[in-house]
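These notes are about the structure you will find just below.
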């Protein structure tokens, strides 16, 4: 069995701490470990930091959800159903929604704007899409707050769709 010097053991411990730290905060590494990190599901292995939130952190306003509902009925209801339970498109409420989007950042839903609505992909404007997302989150039980959900993909990357936390 190989005996490690104190210096070699400290180096190895430091390398392990750095790698575990990268894994815990989701930082991509330019090395071979970057590929390993890229293969992990988004959100599942991230440590919540002050800049990260979930849909349960009151990330949209009631007024924003109302605007979103009006836009949704006009632009989305035909495919997803006026009650969000699905028609030609998938349901956006209940277990279908929560299973599909669990542990994903809100930015992933925001990204669907490039394909929706089908008759006018990307045609609603960024603010309209986050208003619709606010309506969908409200319909799924996420509480409203005092600050609007921003149409900023970088900020939306730090807001995760999760199961409701136990109280």
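Read-outs: derived from the displayed coordinates by stated rules, not from any lab. As the structure is a computational prediction, the values presented were derived from the model and not from experiment. Note that each Cβ is placed from the backbone with ideal geometry, even for glycine, and that neighbours are counted across all protein chains shown.
Here are the numbers for the structure shown:
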item	result
Where labels lie 7 Å past Cα in the beta-carbon direction, separation of residue 155 and residue 85 in nm	3.5 nm
Residue 127 versus residue 73: modelled label distance in nm, points set 7 Å from Cα along the beta carbon direction	2.1 nm
Cα→Cβ-extended label distance, 7 Å offset, between residue 167 and residue 102, nm	2.2 nm
Computed E for residue 95/residue 147 - FRET, C-beta separation, R0 25 angstrom, nearest 0.05	0.30
Segments 127-135, 55-63, 139-147 sorted - mean Cβ within 10 Å per residue, highest first	127-135, 55-63, 139-147
